[in-house]
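Student: My questions will all concern the structure given below.
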Amino acid sequence: MRRFQNRVAVVTGASQGIGQAVARHLSMDGATVYAADVSADSGDAGGVRSRQVDVTSEVQIETLFAEIHAVHGRLDMLVNNAGIPGEGNLGELTVDAWNRVFAVNVTGQMLMCRAALPLLGSGSSIVNVSSVAAHVGFADRAPYCASKAAVLGFTRALAAELAPSNVRVNCVCPGTVQTPWIERLVGEEDGADAKLAGMRARQALNRIGEPSEIAATIAFLLSDEASFITGSIIMADGGMLAVR
């Protein structure tokens, strides 16, 4: 039997990058996966059910979980991966821009967890996706770094709150991973190769991670193999923190 056979999962930010890899990984391992993304088109493909969900919209979130309740009556796994960058120096930073980053990266996770709570039974698991940026300061990215640090506190508090119900909550902090975001940062102009080389070099393994590697880490935390792990912050950063 596959590891997640007959289990139901929700993955946010699932139309590309890490979220897409997680949805595929869980589906291939037997789960029925609701792949939620602000840009997703509603539709089903095998074990993955694509649903358009903005994690800042309580209405859209409630609609998603109402469907899951009606069809399955429960939720076994939740992966809060949706996130947006927050760039710009402090002198140019607006309150609206700051609030937008926190609305998606932090409040969005809270709203998803709150809506999922009635469906989570004993043995269920939540994984929140943060970033190495929660531990390392990056110039001109204060909103992003601050929001990802907030995810760590949220994860620990929720783990303590839900432990009596045997619902585990953990967090994964990816380093530099090959995603459309990294491709945009590198660009195609002169100097792109040097910029990419710099991103590789800042990690001890001297390479950029693959979304599938982060997906495998998240899948482990969701699985019964991690049944004694909760409130943990797992680094999947290629050794970035080790060499900084």
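The values are calculated or read from the model by the stated rules, or taken from the named source; none is laboratory data. All values reported here derive from a predicted model rather than from experimental measurement. In this analysis, Cβ positions are derived from the backbone assuming ideal geometry, glycine residues included, and neighbour counts consider all displayed protein chains.
Student: When you scan the stretch 83-92, do you find a residue that is crowded, with 16+ Cβ neighbours inside 10 Å and closer than 23 Å to R114 by Cα, even just one?
Tutor: The answer is yes, given that some residue of the stretch 83-92 is crowded, with 16+ Cβ neighbours inside 10 Å and closer than 23 Å to R114 by Cα.
Student: Taking the condition touching a Leu at 6+ places or on another chain (Cβ under 9 Å) and more than 17 Å from A226 (Cβ to Cβ), does A134 pass?
Tutor: yes
Student: Identify, from the list D54, D76, the residue that is touching a helix residue (DSSP H, G or I) at 6+ places or on another chain (Cβ under 9 Å), within 26 Å of S122 (Cβ to Cβ) and of a type in the set (D, E, K, R).
Tutor: Going through D54, D76 in turn, just one is touching a helix residue (DSSP H, G or I) at 6+ places or on another chain (Cβ under 9 Å), within 26 Å of S122 (Cβ to Cβ) and of a type in the set (D, E, K, R): D76.
Student: Something else now. When you look at G121, is it within 16 Å of the chain's Cα centre (by Cα), without any contact (Cβ under 8 Å) to a residue 60 or more places away in the chain and surrounded by fewer than 17 Cβ atoms within 10 Å (Cβ to Cβ), yes or no?
Tutor: Here the answer is no, as G121 does not meet what is asked.
Student: Still on this structure, I have one more. Say whether the condition of being within 29 Å of I182 (Cα to Cα), under 16 Å from the mean Cα position of the chain (by Cα) and without any contact (Cβ under 8 Å) to a residue 24 or more places away in the chain is met by at least one residue in the stretch 8-25.
Tutor: no
Student: Return a yes/no flag: does the stretch 55-68 have any residue that is of a type in the set (G, A, S), without any contact (Cβ under 8 Å) to a residue 60 or more places away in the chain and in a helix (DSSP H, G or I).
Tutor: Taking every residue of the stretch 55-68 in turn, at least one turns out to be of a type in the set (G, A, S), without any contact (Cβ under 8 Å) to a residue 60 or more places away in the chain and in a helix (DSSP H, G or I).
Student: So V71 fits all but one of (1) at pLDDT 95 or above; (2) crowded, with 16+ Cβ neighbours inside 10 Å; (3) not basic (K, R); what number is the exception?
Tutor: (2)
Student: Here's something else I'd like to know. So which residues in the stretch 140-176 are part of a loop (DSSP other than H, G, I, E, B) and either more than 28 Å from T94 (Cβ to Cβ) or free of Cβ contacts under 8 Å to residues at least 24 places away in the same chain (or both), if there are any at all?
Tutor: Answer for the stretch 140-176, where residues must be part of a loop (DSSP other than H, G, I, E, B) and either more than 28 Å from T94 (Cβ to Cβ) or free of Cβ contacts under 8 Å to residues at least 24 places away in the same chain (or both): N166, V167, G175.
Student: I need the full set of residues from the stretch 211-244 which are buried (at least 20 other Cβ atoms within 10 Å of the Cβ) and part of a loop (DSSP other than H, G, I, E, B), in order please.
Tutor: T230, D237, G238
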